[in-house]
1. So which residues in region 103-143 are part of a loop (DSSP other than H, G, I, E, B) and in contact with a helix residue (DSSP H, G or I) (Cβ under 6 Å, 6 or more places away or on another chain)?
2. So residue 319 ticks every box in (1) part of a helix (DSSP H, G or I); (2) in contact (Cβ under 8 Å) with a residue 24 or more places away in the chain; (3) over 30 Å from residue 153 (Cα atoms) but one. Which box is left unticked?
3. Could you check, for region 203-220, whether at least one of its residues is in contact with a helix residue (DSSP H, G or I) (Cβ under 6 Å, 6 or more places away or on another chain) and in a helix (DSSP H, G or I)?
4. Can you give me the number of residues within region 1-48 that are assigned to a helix (DSSP H, G or I), within 9 Å of ligand 1 (Cβ to nearest atom) and in contact with a strand residue (DSSP E or B) (Cβ under 8 Å, 6 or more places away or on another chain)?
5. How many of the residues making up region 256-287 are over 29 Å from the mean Cα position of the chain (by Cα) and closer than 20 Å to residue 347 by Cβ?
6. Taking region 217-238, which residues are buried (at least 18 other Cβ atoms within 10 Å of the Cβ) and more than 19 Å from the chain's Cα centre (by Cα)?
7. With the structure loaded, tell me whether residue 332 is away from ligand 2 (no atom under 16 Å from the Cβ), more than 17 Å from residue 88 (Cα to Cα), out of contact with any strand residue (DSSP E or B) (no Cβ under 9 Å at 6 or more places or on another chain) and at pLDDT 95 or above or whether it fails that test.
Ligand code: NAD
Ligand code: DAU
């Protein structure tokens, strides 16, 4: 098959491109990416020479370019991951989120509809987030019928794109599936997100910013487990259906911070006054900070026999070691505009 993966130079996208070329070596993978601050071709170095891998430097906000990509490359299926993805950036500057996540998805849907016509076969898989469901209290979990209640400009833009995808199925018969996933972690995650930021700051001996009281809860999933789930839903999910993907792995932020400090102390031989824990700093809370996310993943288990494989402590250790072994990557992605973002975000 000739598959278009959008956002393939980002964190989950690049892990997915690597997964796809390994598990479906007969497929052609077309990676459409605008290479924003979050996209990096270094992530895909190991497949650069693979004749079934094709990079398309393009922006979803350009409808004619996107339409031509379908025609020129005879695209037979889409996994749509390209997005502005960081909640804090959506709070300080929502415009890019509206343009890429809503309008960009619209242009992609239009391109698919115009190229595929009424054919029921080609699949459009929209990759979304659990944040569209809003915030949970102490009990319960998000399931596929949970009403949407997005609270940040990021989650509102993703919710909007989810609705457009749904509408293209009901109105035009487009063969869509949508997945809503919980927090991912693993290799190639940009160090603005909690886990890689903490690792990066521990190594640089910079403060570890904990928003509010650190009691907010996230449900963490290793990125390669997410990629396996996406592969299954793309190939075997029911058309028009949504699937919630999660780690069944809830952690309070402060506990994640402690765990990372302890794992890194061991890796670096730090202890006592030297421990990474001394860097923990409570800072002003994120405006509208969702209290708790948790996914009910029973539909994925029941229908597609998927469940996460990697245990969190093991996954975190692997991730920490990946960052320790890939400091050149970290240097590269944190040069340039990262410093200015960091200064403004954390007021330092
Ligand atoms: P990311 O920010 O790491 O990567 C996004 C990629 O999209 C980058 O390569 C960027 O260059 C590209 N991109 C941005 N705007 C574009 C545009 N206008 N045209 C073309 N390309 C553009 O994001 P991620 O964390 O890998 O997330 C990927 C997808 O998964 C997103 O849709 C996100 O909403 C969703 N998601 C992420 C998580 C998570 O924990 N990271 C969890 C659930 C769902
Ligand atoms: O739930 C899925 C979502 O997970 C994805 O849709 C988003 O793209 C992804 O960015 C992520 O959103 P979060 O806002 O949950 O992730 P982030 O890593 O930014 O923050 C995780 C938690 O840690 C959150 O409660 C805020 C807190 N935090 C974050 C940062 C960056 C801190 O306490 N300090 C920080 O410096």
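The values are calculated or read from the model by the stated rules, or taken from the named source; none is laboratory data. Just so it is clear, the structure is predicted and the values come from calculations on it, not from any experiment. When we count neighbours, we look across all protein chains shown, and the Cβ atoms used for this are built from the backbone with ideal geometry, even at glycine.
1. Answer for region 103-143, where residues must be part of a loop (DSSP other than H, G, I, E, B) and in contact with a helix residue (DSSP H, G or I) (Cβ under 6 Å, 6 or more places away or on another chain): just 122.
2. Only one criterion in (1) part of a helix (DSSP H, G or I); (2) in contact (Cβ under 8 Å) with a residue 24 or more places away in the chain; (3) over 30 Å from residue 153 (Cα atoms) is unmet by residue 319, namely (3).
3. No, that holds for no residue.
4. 4
5. Selection size over region 256-287: 0.
6. 237
7. no
For (1) modelled with pLDDT of 95 or more; (2) under 16 Å from the mean Cα position of the chain (by Cα); (3) more than 29 Å from residue 215 (Cα to Cα), each residue gets a yes or a no:
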residue	(1), (2), (3)
113	yes, no, yes
143	yes, no, no
147	yes, no, no
185	yes, yes, no
